[in-house]
Amino acid sequence: MLPTSTQFQLFKATILNLRQVLVVLFFGAFLSACASGPVASPAVEERSMDTYPQPVKAGPPLTSSPMVDKIATPRATGLSNLSVDKFNSPGAQALTPTPMPTPRTPVATPNLNLPLASQEVVEQLVLQADTAKANNEPEIAVIKLQQAQRIAPQEPKVYARLAALYLADGQAVRAEQLARKGLSLAATQPAYGDFFWRLIAASRRYQGDTEGEQAALARAAQLAQ
Amino acid sequence: MAQHPHKANKFWRFVWQLLTVLAVCTLVLLIWLDAQVRHRFEGHRWTLPAKVYARPLELYVGKQLADGQLAYELQQLGYRAVQQLHKPGQYRLQNNRLEIYTRGFHFVDASEVSNRQEVILQAGRILSMHDTQGQDLHLIRLEPQLIGGIYPSHNEDRELVQLDDLPAGFIQTLLAVEDRTYYEHLGISPAGIARAMAVNFKAGRIVQGGSTITQQLVKNFYLSAEQTLWRKLIEAPMALLLNNHYSKDEILEVYLNEVFLGQQGKRAIHGFGLASWYYFGQPLNELALHQTALLVGMIKGPSYYNPKRYPQRAKQRRDLVLKILADVGMISDTEMQDLQSKPLQLTKVTQYSRYPAYMDLVRQQLQQAYKTNDLSNQGLRVFTTIDPWAQYQANKAMQKSLTSLTTQYGDQNKLQAALVLSQRHNGEVLAVVGDRDGGYAGHNWALDDSRQVGSLIKPIIHLTALASERFHLLSPLDDSPLTIPQPDGSVWQPANYDGQSHGVVPMYQALVKSYNIANVRLGMSLGVDKVLEQLSALGVKQNWEPYPSRLLGALELSPMEVNQVYQTMANNGFYNPLSIVRDVTKANGQLLSHYPYQVRQAADPQATYILQQELALIGRQGTARGAYAYLPTEQIVAGKTGTTNDQRDSWFSGFSGRHVATVWMGNTDATPTPLTGSSGALQVWGRLLSKLPYEKDEVNQPPGVDWFRTNPTTGTIIDADCEGLVLPFNQTRPPAKANCDN
């Protein structure tokens, strides 16, 4: 049986390659003996033959399924600037009386403003997270929000966005816990309180906890009054 | 007698057959060599270890920086202090003004481009930031510092570079020294070999080799280090084959990444990219010509010319390379002299192996999700939470404290120590010291060893009490002698550290003064099992039997576990698992894993908030007030000391600003030490916290808590204009009200 044209081309290419190889061999056999001196040679390590890499398995999953905003995050204009300074009486002076308001009523605690700093950069990061979310890049949105959380860990807005992201992604337990954390930071901000309780209600509904959902909605309603 | 023609024919036939066999064997050999050359060159060339990075330094308006932090971090990143900025990797820090030419970096979420920027500081806080056009900047993220790698068994490491990454004059220098006819020969250089042979003949020994760069690459890339005849036989044909298949630039680029340039312990430094970091602490493209000359000169003998070990010898070699450059006309004689007068300018920063305890944690976390092979072969990039400044200060605080203790108590050669520092609001681990020397990669006392925690358990008793709706900070506790019968018929009689009993004391005072008997009584009234349940909820899960002695810390935890528990208490009762890794990407930057922020409410927020005030009182009035020897009075110290029986363990765990830290000290064989929690661990803690930026960043007061002025003696709320201690209470169960004097 005669070879096909392709087989013939392959055969021809192989012969040509072998011709090159033979030429190389001729010179090589002579030159290899005096190829290099040991003094100047770079050190060489023993190594095993390479194996082709296996695909890397992903670590803890963060699902990349499209996210839908099920709850609108409150449009709070500024950041939380209500941090309470409780530890401001140094040493023995802690026992020293300071002027206080009306007798037998709770003592007002001073506010501590967060540095304006954090406000601008956090607003930027939250915006970038919103953009990433809109672009269907939930992982990037989460990374941006975590960056914001590191800068302003007291900022409820960051937790609100994170919780909403996770809820939209079906991670209801995580969303509820984030909402609880946010709630603990938004004691004096009813808008956030309402939002977080409604988000907790939605998370519980997702988990099949109807009673818990109703309780959370009742808390939201309480705040709305 | 004439030879028989038949025999002659037979001989020549044998020779012909022999030659034919040889030719066939040679042919097969060449085909095999050809396959080898192409397979390795076109396949997966190197196994790249995972690169482990520290957290990037983020600069933004309002950020607080510690004194000296900025300069330290820039030096660690290999930035050069200059008078005028010309290129990336330079900075100028004068008074409160930082000018920086950043290098840029490809982060998971975005690429930071190389740029000139200006940062204005005031009292350690960033006041403003802008670029060269005067545009305000919100955030500058510097590239993260490379802190280590996870290596394959051969321990080769390299930082891949491309021809475009090379500094000016690099190729010319390399070729002038190693292979002047590189772009002309076919992979081997007969002229070079002849020249080498002549030199060797003249010298009577082998003093010069005739290897081309292609041959060197073949030797390093394909062959073993053994000087065997076989290796020599196949080196040249392989070089010719390589040259035949690939372009000169392709071969050169592989050579630049393959060449061996040094050894750091087990780690082999390959390629100019990594060598540049290893010797100069800078990327290759930032090197000046005299630095390039040193690296090129080292090819001849990386160990012999190691500039870290033999600086004089290395400088001579570098100067010789510079002379070669002058001889070939690449630089003038004046330039040569100028460059030869420069010092070697080696970096003092050790990039790797500085944080063994932290790297233990990184490996531990990664091995839960990745195969060991993937970690050591695929060039993964691992972005961690380690804060290089905090880690540096943690090591320093430990060293200083140990020196001071030695002065005070004499040589304590059995004394070991460990430290864990984390971010209060998200549980990111910022620093770990695994033993008294800090840089020792042996037993990790922060992770691998558990010791009795002593009084560190008491805040958990108080948290359980405050959450139980039965107690508040002024609840009276009995500190009189106590006897508890044991199931085996014996009795347990806890005693106070000072051997005294203090009668009835308000609950907060029992913690502030760390009274054992009052706290055991409190714990017994709650139930030991309830206290242990609370402890588990805070982040450590173990099956402890509910013995009464647990209430005085007769249970063993590692410093890492203790830090987890205090982390949760510092974070208003929200548990964040201590985390070490933020992201893992492929070598090309593609995200593989992101470790998300995790949170779980683990304790009643009101109770935890009130407990935090108790812990702060320990700093103000109790066993932790010694921390103020290092810290300004306006800074919060909220935590608890722990001293176990016979002073076998010295503990302190607590928080301040945005940091939670735990320190342990004790003898390796658990014998008594001269240290209490205050005189040992607290000293390290105070020293460390004094060097970290302090953000007055207390957690918001949760709803349902009110502050009242109180009379601790009577345990009552009093009028605000009376004298007394201001304390927080749960709105639903405040103490009774009374007049000032009652």
Within the stretch B:175-208, residues surrounded by 14 or more Cβ atoms within 10 Å (Cβ to Cβ), modelled with pLDDT of 80 or more, out of contact with any Phe, Trp or Tyr (no Cβ under 9 Å at 6 or more places or on another chain) and assigned to a loop (DSSP other than H, G, I, E, B) come out as B:Asp179, B:Arg180, B:Tyr182, B:His185, B:Gly187
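Name the residues in the stretch B:89-104 that are within 25 Å of A:Ile143 (Cβ to Cβ) and surrounded by fewer than 21 Cβ atoms within 10 Å (Cβ to Cβ), would you? Steps first, please.
Let us first name the residues in the stretch B:89-104 that are within 25 Å of A:Ile143 (Cβ to Cβ), namely B:100, B:102-104.
The answer is B:Gly104, and nothing else.
Kindly indicate the residue of the stretch A:179-210 that is outside any helix (DSSP H, G or I) and under 21 Å from B:Gly573 (Cβ atoms) and also farthest from the other protein chains (Cβ to nearest Cβ) among those meeting that condition. Let's see the steps before the verdict.
Of the residues in the stretch A:179-210, the ones outside any helix (DSSP H, G or I) are A:186-189, A:207-209.
Okay, now just the ones that are also under 21 Å from B:Gly573 (Cβ atoms), so A:186-189.
Numbers: A:Ala186: 8, A:Ala187: 4, A:Thr188: 8, A:Gln189: 10 Å.
Restricting to residues being outside any helix (DSSP H, G or I) and under 21 Å from B:Gly573 (Cβ atoms), the top hit is A:Gln189.
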What are the pairs, 6+ residues apart or on separate chains, where a residue within the stretch B:616-640 that is under 12 Å from B:Ser656 (Cα atoms) has its Cβ under 6 Å from a residue that is small (Gly, Ala, Ser) and part of a loop (DSSP other than H, G, I, E, B)?
B:Leu631/B:Ser690; B:Val637/B:Ala624; B:Gly639/B:Ala624
When only residues in the stretch B:311-358 that are closer than 30 Å to B:Asp448 by Cβ and among the aliphatic types (A, V, I, L, M) count, which is surrounded by the most Cβ atoms within 10 Å (Cβ to Cβ)?
B:Ala357
Among (1) crowded, with 23+ Cβ neighbours inside 10 Å; (2) out of contact with any strand residue (DSSP E or B) (no Cβ under 9 Å at 6 or more places or on another chain); (3) among the hydroxyl-bearing types (Ser, Thr, Tyr), there is one condition B:Ser422 misses while meeting the rest; what is its number?
(2)
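Let's see how each residue does on (1) outside any helix (DSSP H, G or I); (2) acidic (Asp, Glu); (3) buried (at least 22 other Cβ atoms within 10 Å of the Cβ):
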{"site": "B:Leu256", "(1), (2), (3)": "no, no, yes"}
{"site": "B:Gly262", "(1), (2), (3)": "yes, no, yes"}
{"site": "B:Phe272", "(1), (2), (3)": "no, no, yes"}
{"site": "B:Ala275", "(1), (2), (3)": "no, no, yes"}
{"site": "B:Val296", "(1), (2), (3)": "no, no, yes"}
{"site": "B:Lys300", "(1), (2), (3)": "yes, no, no"}
{"site": "B:Ser303", "(1), (2), (3)": "yes, no, no"}
{"site": "B:Pro307", "(1), (2), (3)": "yes, no, yes"}
Residue hits (the stretch B:469-507; in contact with a Leu (Cβ under 9 Å, 6 or more places away or on another chain), polar (S, T, N, Q) and loosely packed, with under 15 Cβ neighbours inside 10 Å) are B:Gln493
Can you tell me which of A:Glu176, A:Glu155 is buried (at least 24 other Cβ atoms within 10 Å of the Cβ), within 11 Å of chain B (Cβ to nearest Cβ) and closer than 16 Å to A:Ala220 by Cα?
A:Glu176
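Find the strands (runs of 3 or more DSSP E) located wholly in the stretch B:654-742 whose residues include 3 or more that are at pLDDT below 95, and list them.
On the way: elements: B:659-667, B:705-711, B:725-730.
By residue number, B:705-711, B:725-730.
Here are B:Gln337, B:Gln316, B:Gln368, B:Gln312: which of them is free of Cβ contacts under 8 Å to residues at least 12 places away in the same chain and within 13 Å of chain A (Cβ to nearest Cβ)?
Numbers: B:Gln337 fails: within 13 Å of chain A (Cβ to nearest Cβ); B:Gln316 fails: within 13 Å of chain A (Cβ to nearest Cβ); B:Gln312 fails: within 13 Å of chain A (Cβ to nearest Cβ).
After ruling out the rest, the residue left standing is B:Gln368.
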Being more than 16 Å from B:Asn516 (Cα to Cα) and either of a type in the set (A, V, I, L, M, F, W, C) or modelled with pLDDT of 95 or more (or both) is the filter here, so list the residues in the stretch B:476-487 that pass it.
none
Within the stretch B:359-393, restricting attention to residues that are in a helix (DSSP H, G or I) and among the small types (Gly, Ala, Ser), which residue is surrounded by the most Cβ atoms within 10 Å (Cβ to Cβ)?
B:Ala390
Checking B:Ala71 against (1) exposed (fewer than 12 other Cβ atoms within 10 Å of the Cβ); (2) more than 14 Å from every other protein chain (Cβ to nearest Cβ), only one condition comes out false. Which one?
(1)
Got a sec? Which of B:Ser376, B:Ser332 is small (Gly, Ala, Ser) and within 14 Å of chain A (Cβ to nearest Cβ)?
B:Ser376
Residues within the stretch B:539-554 that are under 25 Å from B:Asn571 (Cβ atoms) and either part of a loop (DSSP other than H, G, I, E, B) or within 33 Å of the chain's Cα centre (by Cα) (or both), tallied
6
Looking at (1) in contact with a helix residue (DSSP H, G or I) (Cβ under 9 Å, 6 or more places away or on another chain); (2) not in a helix (DSSP H, G or I), which is the one condition that is false for B:Asn588?
(1)
Please go through the stretch B:696-715 and pick out each residue that is buried (at least 19 other Cβ atoms within 10 Å of the Cβ) and under 26 Å from A:Arg150 (Cβ atoms).
B:Asp697, B:Glu698, B:Val699, B:Asn700, B:Gln701, B:Pro702
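Do you know which residues across the stretch B:620-638 are within 8 Å of another protein chain (Cβ to nearest Cβ) and either within 23 Å of B:Thr464 (Cβ to Cβ) or not aliphatic (A, V, I, L, M) (or both)?
The answer is B:Arg620, B:Gln621, B:Arg625, B:Tyr628, B:Thr633, B:Glu634, B:Ala638.
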Within the stretch B:29-55, count every residue that is crowded, with 19+ Cβ neighbours inside 10 Å and either out of contact with any Pro (no Cβ under 7 Å at 6 or more places or on another chain) or within 11 Å of chain A (Cβ to nearest Cβ) (or both).
11
Evaluate the following for B:Ala670: is it away from chain A (no Cβ under 14 Å) and touching a Lys or Arg at 6+ places or on another chain (Cβ under 8 Å)?
yes
Testing B:Val429 on (1) over 29 Å from B:Val520 (Cβ atoms); (2) part of a strand (DSSP E or B); (3) in contact with an Asp or Glu (Cβ under 8 Å, 6 or more places away or on another chain), one condition comes back false. Which one is that?
(3)
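Determine whether the stretch B:692-700 contains at least one residue that is more than 30 Å from B:Val433 (Cβ to Cβ) and either charged (D, E, K, R) or in contact with a Lys or Arg (Cβ under 8 Å, 6 or more places away or on another chain) (or both).
Looking for residues that are more than 30 Å from B:Val433 (Cβ to Cβ) and either charged (D, E, K, R) or in contact with a Lys or Arg (Cβ under 8 Å, 6 or more places away or on another chain) (or both), one finds none in the stretch B:692-700, hence no.
Per-residue answers, yes or no, for (1) at positive phi; (2) buried (at least 24 other Cβ atoms within 10 Å of the Cβ); (3) not hydrophobic (A, V, I, L, M, F, W, C):
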| site | (1), (2), (3) |
| --- | --- |
| B:Trp664 | no, yes, no |
| B:Ala670 | yes, no, no |
| B:Gly677 | no, yes, yes |
| B:Gly680 | no, yes, yes |
| B:Tyr694 | no, no, yes |
| B:Ile717 | no, yes, no |
| B:Asp721 | no, no, yes |
| B:Pro735 | no, no, yes |
| B:Cys740 | no, no, no |
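Quickly run through the stretch B:109-141 and pick out the residues that are in a loop (DSSP other than H, G, I, E, B) and away from chain A (no Cβ under 13 Å). So that I can check it myself, show each step before the final result.
Initial filter on the stretch B:109-141 (in a loop (DSSP other than H, G, I, E, B)): B:109-110, B:113-115, B:123-124, B:132-135, B:137-139.
Scanning the stretch B:109-141 gives B:Val113, B:Ser114, B:Asn115, B:Thr132, B:Gln133, B:Gly134, B:Gln135.
Among the candidates A:Ala160, A:Ala129, which residue alone is more than 9 Å from chain B (Cβ to nearest Cβ), within 24 Å of B:Asn700 (Cα to Cα) and in a helix (DSSP H, G or I)? Full working, then the answer.
On the way: A:Ala129 fails: within 24 Å of B:Asn700 (Cα to Cα).
Checking each option against the conditions leaves just A:Ala160.
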Odd one out for B:Val37, checked against (1) over 30 Å from B:Leu688 (Cβ atoms); (2) without any contact (Cβ under 8 Å) to a residue 40 or more places away in the chain
(2)
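The values are calculated or read from the model by the stated rules, or taken from the named source; none is laboratory data. Note that the structure is predicted; figures quoted are calculated from it, not measured. In this analysis, Cβ positions are derived from the backbone assuming ideal geometry, glycine residues included, and neighbour counts consider all displayed protein chains.
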